[in-house]
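What follows is one structure encoded as structure tokens, with my remarks underneath.
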Amino acid sequence: MILITECILLVRKLQERLRLLEHSRFPTKSVEVLLLMFHLLFDKLDKTLEAMREDTPKKAEQHDLELRLCRMFLRSSCPRYLNFLQNTASGNVPFELIHPLEELIDRCTKKKAIILFRPQYEDNFGYDDLLYKISEKIKPFLKNWSLKEALNKQLTGSEEIKALGFVSFPSLERRSFLAHSLIGHEIGHIFALDRLEQIIDPRQVYDEIRERLASIMQIDLTKPPKDPSLDAEFKEQLGTAMTQFARYVPEVYCDLVQVQIFGLPAILADYSFNAGRFNLDAPGHVHPPDRYRLRHMLQFLNKDYVMERFGALPTRIAEPMQKELTRIATFTEEYENLEIEKDNKPWLKAALEQIDKLVPTLS
């Protein structure tokens, strides 16, 4: 019973903080949907916990694990999410970018997506789909209730909400338009899944990566494996190749979205932001090698229909820009370190070659 009471008190504290945040000045009315989402969530939690408190002590003990997970959610996740909301207040975000980006998101997504912008201390950009994250976290203790359905029910007469979240940017770069062109990558994540599901055949990708990996490792797939250790290594490499392909493809797609939105500044910002990293050719857990990504961005920028969107630049701007692009192009033409990485990691070679085949269909 003590655990239930603690959770109820935590919910009430969060509700009070939410009421205080409602009096803040925000740069967009979209925040009203986020406020509504939190109200629905806290009200549901409050009613559910009160109903548990009415149960007998013995029956309440049956919910011990759910209550502990609920307490962790209320203590750790919710304050962080409300901090996100507080950081979106006017004065903290690049006001002049918000409305154009909101219009862009509305045009590019099949269903309504509400995205707010917030500064963060980390020197990085990121995207958090708060509606999805919260919906996943509350499943253990709100099993028969959907936050997304409850929210869309309240928003009758409007489109169904597809995503509701935050794009984060480094607070030190609040006034840097060049740096904010990196926001285009995070916006791409909103509709990357829909687009990739349209053009990727998972079975075909698996077959092609499997065949390419077998060729790299000199394995004959038409014959039974003779060396159990080699067969086990092949299966491990294949699993890694498929996993990393699934992680890398959305990132490359979002890079192209970034170029599609911002053009040349996207290339300059990406180069400036990543060129100082320790190893530009090392594969990441979620992101492919930085130099590899920049290479695809530069190739995409040079496509005629992309360049036409931004028109001809005045000579005084075009000449230094062309010099900078030449320097970046030279930078991306360094292949040696990546080839070494590929030789040491067969899965990387197979995954990146599959992405190279897919890139023309992404644009």
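The values are calculated or read from the model by the stated rules, or taken from the named source; none is laboratory data. Bear in mind the structure is a predicted one, so any value in this text is a computation, not a measurement. Reconstructed Cβ throughout: ideal geometry from the backbone, glycine too, with neighbour counts over all protein chains shown. Side chains included, ligands, DNA and RNA excluded: accessible areas come from the protein's heavy atoms. Shrake-Rupley method; radii C 1.70, N 1.55, O 1.52, S 1.80 Å.
Quick notes
- Residue ID - most open to solvent (accessible area, probe 1.4 Å), chosen from residues in segment 320-346 that are in contact with a Pro (Cβ under 9 Å, 6 or more places away or on another chain) and assigned to a helix (DSSP H, G or I): N337
- Cβ separations smaller than 9 Å between residues 6+ apart or across chains give no pair from segment 70-83 residues that are more than 15 Å from K44 (Cα to Cα) to residues that are surrounded by fewer than 13 Cβ atoms within 10 Å (Cβ to Cβ).
- Residue that is modelled with the highest pLDDT [pool: residues in segment 90-117 that are open to solvent by less than 20 Å² (accessible area, probe 1.4 Å) and under 13 Å from S171 (Cβ atoms)]: F117
- Looking only at residues of segment 262-294 that are aliphatic (A, V, I, L, M) and in a loop (DSSP other than H, G, I, E, B), we find that the one that is modelled with the lowest pLDDT is A275.
- Some residue of segment 238-252 being in a loop (DSSP other than H, G, I, E, B) and open to solvent by 40 Å² or more (accessible area, probe 1.4 Å): no
- Test: residue in segment 131-152 that is open to solvent by less than 20 Å² (accessible area, probe 1.4 Å) and without any contact (Cβ under 8 Å) to a residue 60 or more places away in the chain: no
- Some residue of segment 15-24 being closer than 18 Å to K143 by Cα and of a type outside the set (V, I, T): no
- Single unsatisfied condition, S168 versus (1) modelled with pLDDT under 85; (2) open to solvent by less than 20 Å² (accessible area, probe 1.4 Å); (3) not in a helix (DSSP H, G or I): (1)
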